[in-house]
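> The structure's right below; bear with me while I get my questions together.
The values are calculated or read from the model by the stated rules, or taken from the named source; none is laboratory data. A quick note: this is a predicted structure, and the numbers were derived from the prediction, not measured. Quick reminder, even Gly has a Cβ in these numbers, built from the backbone with ideal geometry, and neighbours come from all protein chains shown.
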Amino acid sequence: MTKTNPGNYFEDFKLGQEIVHATPRTVTEGDMALYVALTGSRFPLHSADTFAQDLGYEGATIDDVLAFHVVFGKTVPDISLNAVANLGYAAGRFGEPVYPGDTLSSVSEVIGLKENSNGKTGTVYVRSIGVNQRGEMVLDYCRWVMVRKRDESAPAPEAVVPDLPDAVPVSDLIVPAGAGFATYDTVAAGSPHLWDDYSAGEKIDHVDGMTIEESEHAMATRLYQNTARVHFNQHTEKEGRFGRRLIYGGHIISIARALSFNGLANAVRVAAINGGRHVAPTFAGDTIYAWTEILEKQEIPDRRDIGALRLRTIAVKDRACADFPNVGADGKTDPSVVLDLDYTVLVPRRVG
Amino acid sequence: MTKTNPGNYFEDFKLGQEIVHATPRTVTEGDMALYVALTGSRFPLHSADTFAQDLGYEGATIDDVLAFHVVFGKTVPDISLNAVANLGYAAGRFGEPVYPGDTLSSVSEVIGLKENSNGKTGTVYVRSIGVNQRGEMVLDYCRWVMVRKRDESAPAPEAVVPDLPDAVPVSDLIVPAGAGFATYDTVAAGSPHLWDDYSAGEKIDHVDGMTIEESEHAMATRLYQNTARVHFNQHTEKEGRFGRRLIYGGHIISIARALSFNGLANAVRVAAINGGRHVAPTFAGDTIYAWTEILEKQEIPDRRDIGALRLRTIAVKDRACADFPNVGADGKTDPSVVLDLDYTVLVPRRVG
Amino acid sequence: MTKTNPGNYFEDFKLGQEIVHATPRTVTEGDMALYVALTGSRFPLHSADTFAQDLGYEGATIDDVLAFHVVFGKTVPDISLNAVANLGYAAGRFGEPVYPGDTLSSVSEVIGLKENSNGKTGTVYVRSIGVNQRGEMVLDYCRWVMVRKRDESAPAPEAVVPDLPDAVPVSDLIVPAGAGFATYDTVAAGSPHLWDDYSAGEKIDHVDGMTIEESEHAMATRLYQNTARVHFNQHTEKEGRFGRRLIYGGHIISIARALSFNGLANAVRVAAINGGRHVAPTFAGDTIYAWTEILEKQEIPDRRDIGALRLRTIAVKDRACADFPNVGADGKTDPSVVLDLDYTVLVPRRVG
């Protein structure tokens, strides 16, 4: 029996199977500093203890997207080591805030299986839950990936495709019970624009561009202990489809979220990931830009201090976004588009 | 109204105006580790809790230059987003030591304005103060930048050029009251050369060279949440004057200070920035060297355990400094020179 | 007298001489995060406080190899600044676990000297001990380096070559007294393979490859405050033997150890470095692979919960290891081999 991890193949997954993922990870101030160094993130809740404490938090929290990457990274050796493609996300909800010193671990349940007609691959749907050292949920999301079969002659399982929501309903969003945003300091946060100021249909060009270097995406991806090989091994990738290492799609989410500060500075928390698609691969040397459309403006039940905005953020490469490059379902997606992310953020409201 | 930050233009600044900068930043052991990884700094007060505690500090302190970068970085979105050039520094004083866990924020006052004769730009003089979470000053300095006008027809303000000192007088230097250097351990520090051993006029070649990679300067600059675009966006910079990303001038200060350990290992603290000029731009692939001239040797009132040295450190690129490349005011500055920094350090004295 | 450090030359070393190295270093969570980002290490004892505490540790410990690099880095300015080659290691034992917040410092004793017949260089043997802030040994190892003479006419010292063991005997291994591995969680650790499952003579291909970028090895080496110039200065190295910067050999040890997780996930601790040789230089762009042979399987006296495996890990560049590239003493070493490391790890045993 080999002692190295071959990863799971399509026929290894069983409906209802629970997979406890390895390598619990204590996230620290070291991870926070690296995350800022690699993304340039400026969201104040993750930047300053004082700012966070003024809102009722214990201190600065780990960036939601960083927490996502750690929880996601744990799942890779079991779920997607033999994946051909990362197909989508849905029903992602962020729960307890993550503080430096918290230890995250992940568990997944197989919620759907569907073999492809070519008999070589199949789609695996999983629901993955990240918890802290007290077992409290910090992230709960679904993703589906196309995974190779080990043995093409293995029989296909009964096809089960889970019924996943288009978006997380506002009633399911988790707003930290102990935090209050009535005293939110827009000057310290860097923008006067609160929930009240945004409108459904509004489009925001985030203006700035960020070029990604080979070492930067590799450091980020290793930091999350994500072991997907295509990001790290130039010796094999130079013979591969693209001739080079692929950037972890999650790093593009990080960059897009960091860029979105310019225009959405008060989007203090990511509350949900409704859906998302890595539209095209990215490589070292690419410069990432982003723009956002406000899809919905949502009141949160029983909260007057904070509201939700459902956003669609589009990241592109090597092209400015002043004209909001198209990602229409009409097949005319701009070829520069690399990420199409549907998510929900919390934004303080104007009070009084 | 656009929700992204357009930055201030020359005509937006008013004499006496106070600007509270966004994004307070808790500096941590994560930042300290990254600073060492990016610069190779070995000054022991920032390296070892034990060493610092033996001198009366609570523990290792944040590198003074790192604190400078964080305080400076806060000012960029308001002061220099539309700057053409960073012209100079003066009257910089370091105050309270910064410890991991401290939260820094910055505020600036406009202390001078002078439109240029071309009517397209003007010089803005600001005094910026960085404070910790208790409101204690950690850095107080002046800089002036050339900023574009939004509208060239806007009327020029009355020209006011502040009277800035050539150097911070020794009586204004802040020496930590609770720290004593009589028991300073030169073996642990790495050099026997104390304040007593230096002479005005002495020149020191710091010998070593450090090559800077694209990802290194970008990570450093993002770590400080400095948003100046020329450091990050290859897609636009490839069309610009240099065809590539510029290295943040402050990173050259970091590298020069780190290199100066070899010859000035006991310069435990930067106490003042008297002046400074980024003589030429630097780019990824450049190898930085440095040399220092001791400008003045200063006794500190009421302190027998520590003295001050006013230094002029010259950083150059792609050229060793054994012959102390010239930076004379005679116009014969060596073309390799990239930084000319006038600052004051504290150095323990030989006791008994 | 020059104030910069010229390093020691062969004739500066005296048998029995003790050298207290400079720059004590408090290792922190920042260093741990950078180490993960630079190596991708997943060993759970260094990854999660909870996992470590379940075994009786105070919390996650600093990676043994990271501790090695810090202790080693301290010795460079005194021992190997003028070294031509790092020839070997022996008798390395890891002692007290290192926790974030511990301050490491190093001291070396000269235990051997042998001038080479060319009269230009000599071999210096040192035993270096790294201790924490309580003076407890964390690492005790010997290495020998070939060092240039300053003056070729200086007389040769009496040749003394220390008698170093081929391997650290199992009775000398230090197993943390307070830690117990009976409750070791193989699911969280990521592999079911315990000490019982390995056999002497077994070979394991670690499968994955990791490409190293220029900024990555430079950041790692600076993090350890290792000042060996060949790693940092492209301006001089471009004129040197290889035309480029050399990667610090220790970084290859880090990468090989991190890669070895895939096949040796439960090798929770490095207990000894028996010997090692940097067979060939590595450069940015190289992709490192590794394989391991189990040399010996050792019971630890009075411990039923944990055993030792003496390993030989071979790292190679730009070549997969499925066929275990040869490193035979027969002179037919595969040209891709860059590291040949003989070390001992602790692995929990199956209990009951």
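> Buried (at least 24 other Cβ atoms within 10 Å of the Cβ), away from chain B (no Cβ under 14 Å) and either within 19 Å of the chain's Cα centre (by Cα) or of a type in the set (S, T, Y) (or both), is that true of A:V70?
Values: buried (at least 24 other Cβ atoms within 10 Å of the Cβ): yes; away from chain B (no Cβ under 14 Å): yes; either within 19 Å of the chain's Cα centre (by Cα) or of a type in the set (S, T, Y) (or both): yes.
Spelling it out, A:V70 is indeed buried (at least 24 other Cβ atoms within 10 Å of the Cβ), away from chain B (no Cβ under 14 Å) and either within 19 Å of the chain's Cα centre (by Cα) or of a type in the set (S, T, Y) (or both).
> Being more than 15 Å from A:Y99 (Cβ to Cβ) and basic (K, R) is the filter; apply it to region A:122-154 and report the residue that is surrounded by the most Cβ atoms within 10 Å (Cβ to Cβ).
A:R143
> Moving to a separate point now. Just one of B:I255, B:I273 is closer than 16 Å to B:S215 by Cα and hydrophobic (A, V, I, L, M, F, W, C); which is it? Give the derivation first.
On the way: B:I273 fails: closer than 16 Å to B:S215 by Cα.
Answer to the selection: B:I255.
> If you check A:A167 against the conditions, is it within 25 Å of A:G95 (Cα to Cα) and within 11 Å of chain B (Cβ to nearest Cβ)?
Numbers: within 25 Å of A:G95 (Cα to Cα): yes; within 11 Å of chain B (Cβ to nearest Cβ): no.
When the stated conditions are applied, A:A167 does not pass them.
> What is the residue count in region A:157-179 for residues that are modelled with pLDDT under 95 and surrounded by 14 or more Cβ atoms within 10 Å (Cβ to Cβ)?
3
> May I pose another question? Does any residue of region C:133-150 turn out to be hydroxyl-bearing (S, T, Y), under 13 Å from C:S80 (Cα atoms), part of a strand (DSSP E or B) and within 18 Å of the chain's Cα centre (by Cα)?
Of region C:133-150, the ones hydroxyl-bearing (S, T, Y) are C:141.
Remaining after also requiring under 13 Å from C:S80 (Cα atoms): none.
Within region C:133-150, none of the residues are hydroxyl-bearing (S, T, Y), under 13 Å from C:S80 (Cα atoms), part of a strand (DSSP E or B) and within 18 Å of the chain's Cα centre (by Cα).
> Can you report the number of residues in region C:281-317 which are surrounded by 18 or more Cβ atoms within 10 Å (Cβ to Cβ), charged (D, E, K, R) and assigned to a loop (DSSP other than H, G, I, E, B)?
Going through region C:281-317 one residue at a time, the tally reaches 2.
> Of the residues C:G73, C:G88, C:G119, C:G112, which single one is part of a helix (DSSP H, G or I) and farther than 30 Å from C:F181 by Cα? Even if it seems obvious, please write down each step before you answer.
On the way: C:G88 fails: part of a helix (DSSP H, G or I); C:G119 fails: part of a helix (DSSP H, G or I); C:G112 fails: part of a helix (DSSP H, G or I).
Of C:G73, C:G88, C:G119, C:G112, the one residue that is part of a helix (DSSP H, G or I) and farther than 30 Å from C:F181 by Cα is C:G73.
> Sticking with this structure for a sec: Write out, first by first residue and then by second, each pair whose Cβ atoms fall under 6 Å of each other, whose residues are 6+ apart or on separate chains, and whose first residue, in region B:113-138, is closer than 15 Å to B:P157 by Cα while the second is of a type in the set (S, T, N, Q) and not in a loop (DSSP other than H, G, I, E, B).
Here the result reads B:K114/B:T123, each pair linking region B:113-138 to a residue that is of a type in the set (S, T, N, Q) and not in a loop (DSSP other than H, G, I, E, B).
> Go through region C:189-213 and give me each residue that's in contact with a helix residue (DSSP H, G or I) (Cβ under 6 Å, 6 or more places away or on another chain) and hydrophobic (A, V, I, L, M, F, W, C). It would help to see each step written out before you state the result.
So the first thing to find is which residues in region C:189-213 are in contact with a helix residue (DSSP H, G or I) (Cβ under 6 Å, 6 or more places away or on another chain), and the list is C:189, C:192, C:204, C:206-211, C:213.
C:A189, C:I204, C:V207, C:M210 - these are the residues of region C:189-213 that are in contact with a helix residue (DSSP H, G or I) (Cβ under 6 Å, 6 or more places away or on another chain) and hydrophobic (A, V, I, L, M, F, W, C).
> Any idea how many residues of region B:91-107 are outside any strand (DSSP E or B) and on the phi > 0 side of the Ramachandran plot? Steps first, please.
Taking region B:91-107 first, the residues outside any strand (DSSP E or B) are B:95-102.
With the extra rule that they be on the phi > 0 side of the Ramachandran plot, the set shrinks to B:101.
Qualifying residue count, region B:91-107: 1.
> Considering only residues that are of a type in the set (F, W, Y), within 14 Å of chain C (Cβ to nearest Cβ) and assigned to a loop (DSSP other than H, G, I, E, B), which ones fall in region B:172-227?
B:Y184, B:Y198
> Residue under question is A:E293, and the condition is that it be out of contact with any Lys or Arg (no Cβ under 7 Å at 6 or more places or on another chain) and either charged (D, E, K, R) or over 28 Å from B:S215 (Cα atoms) (or both); does it hold? Lay out the reasoning, then the answer.
Values: out of contact with any Lys or Arg (no Cβ under 7 Å at 6 or more places or on another chain): no; either charged (D, E, K, R) or over 28 Å from B:S215 (Cα atoms) (or both): yes.
In short, no.
> Just to be sure I understand the filter: pairs with C-beta atoms under 8 Å, separated by 6 or more residues or on different chains, first member in region C:304-322 and in the same structural domain as C:T287 (by TED's automatic domain parsing), second member assigned to a loop (DSSP other than H, G, I, E, B) and among the basic types (K, R). Which pairs pass?
These pairs meet every condition: C:R304/C:R349; C:D305/C:R349; C:I306/C:R349; C:G307/C:R349.
> Shifting gears a bit: So in region C:1-46, with the set limited to residues that are closer than 22 Å to B:D54 by Cβ and of a type in the set (A, V, I, L, M), which one is nearest to the other protein chains (Cβ to nearest Cβ)?
C:A22
> Return the pair list, or none, for Cβ contacts closer than 7 Å from residues in region C:237-263 that are touching a residue at least 24 places away in the same chain (Cβ under 8 Å) to residues that are among the acidic types (D, E), at least 6 apart or on different chains.
Short answer, once both residue conditions are applied: C:R244/C:E237; C:R245/C:E214; C:R245/C:E237; C:L259/C:D208; C:N262/C:D208.
> Can you tell me which residues in region C:50-65 are assigned to a helix (DSSP H, G or I), within 12 Å of chain A (Cβ to nearest Cβ) and within 20 Å of the chain's Cα centre (by Cα)? Steps first, answer last, please.
Narrowing region C:50-65 to residues assigned to a helix (DSSP H, G or I): C:50-54, C:64-65.
Okay, now just the ones that are also within 12 Å of chain A (Cβ to nearest Cβ), so C:50-54.
If the condition is that a residue be assigned to a helix (DSSP H, G or I), within 12 Å of chain A (Cβ to nearest Cβ) and within 20 Å of the chain's Cα centre (by Cα), then no residue fits.
> A:T186 passes all but one of (1) surrounded by fewer than 24 Cβ atoms within 10 Å (Cβ to Cβ); (2) within 30 Å of C:R319 (Cβ to Cβ); (3) not aromatic (F, W, Y); which number fails?
That leaves (2) as the condition not met.
> Only one of (1) surrounded by 24 or more Cβ atoms within 10 Å (Cβ to Cβ); (2) under 14 Å from the mean Cα position of the chain (by Cα) is not met by B:R277, so which one is it?
In the conditions (1) surrounded by 24 or more Cβ atoms within 10 Å (Cβ to Cβ); (2) under 14 Å from the mean Cα position of the chain (by Cα), B:R277 misses (1) alone.
> Could you grab me the full set of residues in region B:99-110 that are away from chain A (no Cβ under 14 Å) and surrounded by 20 or more Cβ atoms within 10 Å (Cβ to Cβ)?
Step one: of region B:99-110, the residues away from chain A (no Cβ under 14 Å) are B:109-110.
Of everything in region B:99-110, just one residue is away from chain A (no Cβ under 14 Å) and surrounded by 20 or more Cβ atoms within 10 Å (Cβ to Cβ), namely B:V110.
> Still on this structure: Mind listing whichever residues of region C:19-49 are hydrophobic (A, V, I, L, M, F, W, C) and outside any helix (DSSP H, G or I)?
Just the residues of region C:19-49 that are hydrophobic (A, V, I, L, M, F, W, C), to begin with: C:19-20, C:22, C:27, C:32-34, C:36-38, C:43, C:45, C:48.
Once the filter is applied, which keeps residues that are hydrophobic (A, V, I, L, M, F, W, C) and outside any helix (DSSP H, G or I), region C:19-49 yields C:I19, C:V20, C:A22, C:V27, C:F43, C:A48.
> For region B:228-277, which fully contained helices (runs of 4 or more DSSP H) count at least 2 residues that are at the interface with another protein chain (Cβ under 9 Å from one of its Cβ atoms) and at pLDDT below 95? Let's see the steps before the verdict.
Numbers: elements: B:234-237, B:249-259, B:261-264.
Those helices (runs of 4 or more DSSP H) do not exist here; none qualify.
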